[in-house]
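Any read-out appearing in this document is the output of simple, stated calculations on the displayed coordinates, not a laboratory observation. Here the structure is a predicted model, which is why all the values come from computation and not from measurement. Cβ sites come from the backbone with ideal geometry, for glycine too, and all protein chains shown count toward neighbours.
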Amino acid sequence: MTLTDAERFARLRLARTDQIGPVTFRQLLDRFGSGERALDALPDLIRRGGGHGHAAPPVEWIEAEMEAGERAGARLIVLGDADYPEMLAAVDPPPPLLWTLGDAGLMARPCIAVVGARIASAGGQRIARGLSQQLGEAGHVVVSGLARGIDGAAHTGALPTGTIAVLGGGVDDVYPPDNADLYARIAEQGCILSESPMGAKAQARDFPRRNRIISGLSRGVVVVEAELRSGSLITARLAAEQGRDVFAVPGSPLDPRSRGPNELLRQGAILCEGLEDVERAFSTLRTLREPAPDNPFHGAPDDIDAVVIEQVAALLSPTPTPRDELARALGMPIGTVAAALLELNLAGRADLLPGGLAAARSP
């Protein structure tokens, strides 16, 4: 399906709406078939779920974001576009949209992430740079987060062959500032990528989302150096949840930066001492592209009775519960329960989570 300009605009506006995260965005598309129809339905959905307040942001705000992207030379790719990266589309749920600077076609090539400590040793940076160069020469695109240390070394090693930098802020937010020269080189020779709005400055809450894109784009994630409480280990955990392979470069037990990779090895990560270890794992790698999940809204009525919505709400707790378990408990079709949960979510009364889970939202 080729999306019209109006539909792409609607999907951007939907993604920028309060209460709508990636799970809700995907479910709205599943239920209504388009961003335009979902936007039209939002006020009634929020009202029926017991919520109040505005729905989508003003059109002028979205126009301003589009204009900022055009001024920066950035390109918007929304979920449903033909060139939305296939690996990322298989993630549950995929990011609703991506802003890109540079060669967006790199996302269609086989990608592998190389991540690690910001305060990295000289030896760790040499390993990351050399491994990334080898991966690039073998046909892989190296993905990382443009942070200091291992990330910067990985991008540098892969620049001649192709590298993707995923940012926490907007694609026009050069962070950290001391990587400004590397940022400029990647924008010219590789690809800068973010799901944050144009002009957004990176904040702590943005980096888990960034890490999820790094792992989602990649067939595997290599961790070179990382302490135990490290964002790189979050990326490794997300990769495992997404069905990707996790590789770890072993290090000295005397160096705290080796504790993360060494712990990953204890948990079953693949030992990585060079390109051969990655190629050996990929030679037997299963197909990562999963079938699209069934639309949970098949058979759902257009209007959900308020009594049904409250019955579903009464069964929710802070502990995530599978949607089909709620349906069994109520003796209702899954489509009806899914629609009720969507309306409760938009009203701010429930959280929708990956894997068909839902939980009561804390006051």
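Let me have the 222 nm mean residue ellipticity of the chain computed from DSSP H runs of 4+ only, each contributing -39500 (n - 2.57), with the sum over all residues rounded to the nearest 500. Show your work: numbers first, answer last.
Numbers: 15 runs with 160 residues, N = 363.
Mean residue ellipticity, 222 nm, calculated: -13000 deg cm²/dmol.
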*How do L264, L341 rank when sorted from fewest to most other Cβ atoms within 10 Å of their own Cβ?*
L264, L341
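When N counts the residues of the chain, how does its alpha-carbon radius of gyration compare numerically with 2.2 N^0.38 Å, as a ratio? Working shown, then result.
Details: Rg = 21.4 Å, N = 363, 2.2 N^0.38 = 20.7 Å.
Computed over Cα atoms of the chain, the ratio equals 1.03.
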*Dipole magnitude of region 155-211 about its Cα centre, charges +1 at Lys/Arg Cβ and -1 at Asp/Glu Cβ only, in debye to the nearest 20?*
200 debye
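Could you check what % of the DSSP bridge pairs in the chain are antiparallel, to the nearest 5? Working shown, then result.
Details: 14 of 32 bridges.
Restricted to the chain, the bridges split so that about 45 percent are antiparallel.
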*For the chain, set up a Gaussian network in which alpha carbons nearer than 10 Å are linked by springs, and say which option among G190, G216, G149 fluctuates the most.*
G149
*What percentages, rounded to whole numbers, describe P(r) for region 306-360 computed over all alpha carbon pairs with 5 Å bin width beginning at zero?*
4, 23, 40, 26, 6, 0
*Placing +1 at every Lys and Arg Cβ and -1 at every Asp and Glu Cβ, with all other atoms neutral, what dipole size does region 51-201 have around its Cα centre, in debye to the nearest 20?*
740 debye
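Multiplying the sequence separation of D181 and H52 by 0.36 nm and subtracting their Cα-Cα distance, what value in nm do you get?
Numbers: separation 129, 0.36 × 129 = 46.44 nm, distance 4.67 nm.
Between D181 and H52, full extension yields an extra 41.8 nm.
Among V166, V278, which comes first, second and so on when ranked by fewest other beta-carbon atoms within 10 Å? It would help to have the intermediate numbers written out before the result.
Details: V166 27, V278 24.
Lowest to highest Cβ neighbour count: V278, V166.
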*If packing is taken as the mean number of other Cβ atoms within 10 Å per residue, what is the order of 334-340, 354-360, 219-225, highest first?*
219-225, 334-340, 354-360
*Once the dipole of the chain is set up with Lys and Arg at +1 and Asp and Glu at -1 on Cβ about the Cα centre, which of T235, A269, P333 lies farthest towards its positive end?*
A269
_What percentages make up the Cα-Cα pair-distance distribution of region 101-283 when the bins are 10 Å wide from 0?_
11, 44, 37, 9, 0
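Determine the dipole magnitude for the chain: charges of +1 sit on the beta-carbon of Lys and Arg, -1 on that of Asp and Glu, nothing else is charged, the reference point is the Cα centre, and the result goes in debye to the nearest 20. Before the final figure, lay out the partial values.
On the way: 36 positive and 46 negative charges, 185 e Å.
I would put it at about 880 debye.
Per residue Cα convex hull volume for region 56-121, in cubic angstrom? Mind dumping the intermediate values first?
On the way: hull volume 11.1 nm³, N = 66.
Output value, Cα hull per residue: 169 Å³.
Can you tally the net charge around L79? Count Lys and Arg as +1, Asp and Glu as -1, for every other residue whose Cβ sits under 13 Å from the Cβ of L79.
Neighbourhood net charge equals -4.
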*If we sort 120-128, 303-311 on the protection proxy, mean other Cβ atoms within 10 Å, highest first, what's the order?*
120-128, 303-311
*Would you be so kind as to identify which of L97, G170, F207 lies farthest towards the positive end of the dipole of the chain, taking Lys and Arg as +1 and Asp and Glu as -1 on Cβ and the Cα centre as origin?*
F207
*Towards the positive end of the charge dipole of region 101-283, with charges on Cβ (+1 Lys, Arg; -1 Asp, Glu), say which of A180, A138, P160 has the farthest Cα.*
A180
*asked:* Just want the ordering: S317, S132, from fewest to most Cβ atoms lying within 10 Å of their own Cβ.
replied: S317, S132
*Quote to one decimal, in nm, the extra length available between E137 and R205 on full extension: 0.36 nm per residue of separation minus the C-alpha distance between them.*
21.0 nm
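In region 36-90, how does Rg compare with the Kirkwood Rh, expressed as the Rg/Rh ratio over alpha carbon atoms?
My calculation puts Rg/Rh at 1.10.
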_Spatial separation of Cα centroids for region 33-53 and region 173-234, in angstrom_ = 33 Å
*Starting from the Cα of L228, step 7 Å toward the Cβ, then list every residue of region 259-273 with an amide N under 16 Å from that point.*
259-267
*asked:* Could you tell me the center-to-center distance, by alpha carbons, between region 341-363 and region 66-107 in angstrom?
replied: 27 Å
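Equivalent ellipsoid semi-axes for region 14-145, as square roots of 5 times the alpha carbon gyration tensor eigenvalues: give them largest first, rounded to whole Å. Kindly include the intermediate steps, with their values, before the conclusion.
Numbers: eigenvalues 274, 53, 49 Å².
Result for region 14-145: semi-axes of 37, 16, 16 Å.
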